[in-house]
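J.: The structure follows.
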Amino acid sequence: MYIDTHAHLTSSRFTNQSVAIVDRATAAQVTTILTMGTDLHDSRKAISVAQHFPRVFAAAGIHPENLDHLSETWRTDLATMLHLDKVVAVGEIGLDYVNGSPDHALQQNILIEQIKLARELNLPVILHCREAFDDLFKLIQPFAPLMGVMHSFTGNAAQARETIADGLHLGLNGIVTFSNAKELQEVTKGIPLTRIVLETDCPYLAPQPVRGKLNEPQYIPMIATKIAELLEIPVAKVAEQTTANASTLFNLPQFE
């Protein structure tokens, strides 16, 4: 059995496909899916999807690319959502320093407030980080150990060690299967299996066997197979341990 700890089932690329996507995931032994919120509106949609499917859960949060036009009540509104049934994490939140990204200081301030909310409610965080590892590590250090996931991890070995030292798990997705991801594959060999969770980030980042196609939770076993190859262990062990990791981190029920 597998858990997809990071999906975007509310994506416009998945319009009216939720039932089929969940059915295909279940057939592939992906028993549980976490769908992300990327702003207040998207978080409400994610929660609605989760409430329609027993094996889908939601995270609510504000992505660093979606900070324009935040209302004065955003923190209160988000806190209200985080108390709702089926919400198990604060996410997707973080820092993104690519060209044209919102003001870095604003990103940091909003992220700090969301981490504080997570700590107040004893919820894990799901962190996005692009070109911002140094600042992110400095920012989360006062909160360490911090429950959560460094989503779509593509950092180096030192950054992997720092992520683990801060209490976080590393989310590995289709990128680790790419033929041009040799550095990440080498880094993965040094990550304890107890600190890995599987994710798709669907509809993006389909793994190598289906690269270029629309990604779905049903492809999680392809990611597990690659990790098993890198760690030289049975894929069943990857499935068992990563499922246990995610179940504990997000306080998820066990499904068969």
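The values are calculated or read from the model by the stated rules, or taken from the named source; none is laboratory data. These numbers were taken from a predicted model, which means no experiment stands behind them. So basically every Cβ, Gly included, is an ideal-geometry build from the backbone, and we count neighbours across all protein chains shown. Only protein heavy atoms, including side chains, enter the accessible area calculation; ligands, DNA and RNA are left aside. Shrake-Rupley method; radii C 1.70, N 1.55, O 1.52, S 1.80 Å.
J.: Using a simple charge model, +1 on the beta-carbon of Lys and Arg, -1 on the beta-carbon of Asp and Glu, nothing else, what dipole does the chain show about its Cα centre, in debye to the nearest 20?
T.: I would put it at about 540 debye.
J.: What translational diffusion coefficient, to the nearest whole µm²/s, does segment 23-94 have by Stokes-Einstein, given a Kirkwood radius computed over alpha-carbon pairs, a temperature of 10 °C and 1.306 mPa s viscosity?
T.: Calculated translational D: 127 µm²/s.
J.: Please compute, for the alpha-carbon atoms of the chain, the extent along each of the three principal axes and give them in descending order in Å.
T.: 49, 41, 32
J.: Given a Förster distance of 35 Å, report the FRET efficiency between residue 13 and residue 119 from their Cβ-Cβ distance, rounded to the nearest 0.05.
T.: 0.55
J.: Per residue of segment 48-63, what does 6.51 cos²θ - 1.76 cosθ + 1.60 with θ = phi - 60° give for ³J(HN,Hα)? Whole Hz please, x for Gly and Pro, Karplus curve as stated.
T.: 3J(HN,Hα) across segment 48-63, in whole Hz: 4, 4, 4, 6, 8, 10, x, 9, 10, 10, 10, 10, 10, x, 10, 5.
J.: How much length is gained on full extension from residue 210 to residue 27, taking 0.36 nm per residue of separation minus their Cα-Cα distance?
T.: Contour length minus Cα-Cα distance gives 64.1 nm.
J.: A further question on this structure: Using the beta-carbon distance between residue 251 and residue 20 and R0 = 25 Å, what value does 1/(1 + (r/R0)^6) give for FRET efficiency, to the nearest 0.05?
T.: Taking R0 as 25 Å, the efficiency between residue 251 and residue 20 is 0.35.
J.: What's the lysine pair count for the chain at a Cα cut-off below 13 Å, pairs eight or more apart or interchain?
T.: 4
J.: What part of the accessible area of the chain, given as a whole %, is carbon or sulfur when the probe is 1.4 angstrom?
T.: Whole-percent figure for carbon plus sulfur exposure: 50.
J.: For an R0 of 41 angstrom, estimate the FRET efficiency from the Cβ-Cβ distance between residue 183 and residue 72 and round to the nearest 0.05.
T.: Calculated transfer efficiency: 0.40.
J.: In addition: If the only charges are +1 at each Lys and Arg Cβ and -1 at each Asp and Glu Cβ, what is the size of the charge dipole of segment 167-228 around the Cα centre, to the nearest 20 debye?
T.: 140
J.: Ok, one more. Roughly how compact is segment 7-61, stated as its Cα Rg over 2.2 N^0.38 Å to two decimals?
T.: 1.03
J.: Between residue 148 and residues 5 or more places away or on another chain, which pairs have amide H atoms under 5 Å apart, with H built 1.01 Å from N, and which residues are they?
T.: Amide H neighbours of residue 148: 125, 169.
J.: I would also like to ask the following. Per residue, how much accessible area does segment 1-86 have with a 1.4 Å probe, in Å²?
T.: For segment 1-86, the per-residue accessible area is 45 Å².
J.: Tabulate in residue order the Karplus-calculated ³J(HN,Hα) for segment 26-39, using 6.51 cos²θ - 1.76 cosθ + 1.60 with θ = phi - 60°, rounded to whole Hz; enter x for Gly and Pro.
T.: 4, 5, 8, 6, 8, 7, 9, 10, 9, 9, 8, x, 10, 7
J.: While we're here: With 5 Å bins from zero, work out the P(r) of segment 73-206 over every alpha carbon pair and list the percent per bin.
T.: Using 5 Å bins, I get a P(r) of 2, 10, 20, 22, 20, 16, 8, 3, 1, 0 for segment 73-206.
J.: Which value in deg cm²/dmol, rounded to the nearest 500, describes the helix-derived mean residue ellipticity at 222 nm for the chain, given -39,500 (n - 2.57) per DSSP H run of n ≥ 4 and division by the residue count?
T.: Here the helix-only value at 222 nm equals -12500 deg cm²/dmol.
J.: Which number do you get for Rg(Cα) / (2.2 N^0.38 Å) in segment 124-183?
T.: It is 1.10.
J.: Something else: For segment 167-256, what log10 I(q)/I(0) values come out of the Debye formula at q = 0.15, 0.20, 0.24 1/Å, with one point per alpha carbon and no solvent?
T.: Those come out to -0.53, -0.94, -1.29, one per q.
J.: Ranking request for peptides 213-226, 11-24: highest mean number of other beta-carbon atoms within 10 Å first, then the rest in descending order.
T.: 213-226, 11-24
J.: Express in Å², to the nearest 10, the accessible area of residue 204 obtained by rolling a 1.4 Å probe over the protein heavy atoms while all chains stay in place.
T.: Residue 204 has an accessible surface of roughly 110 Å² with all protein chains in place.
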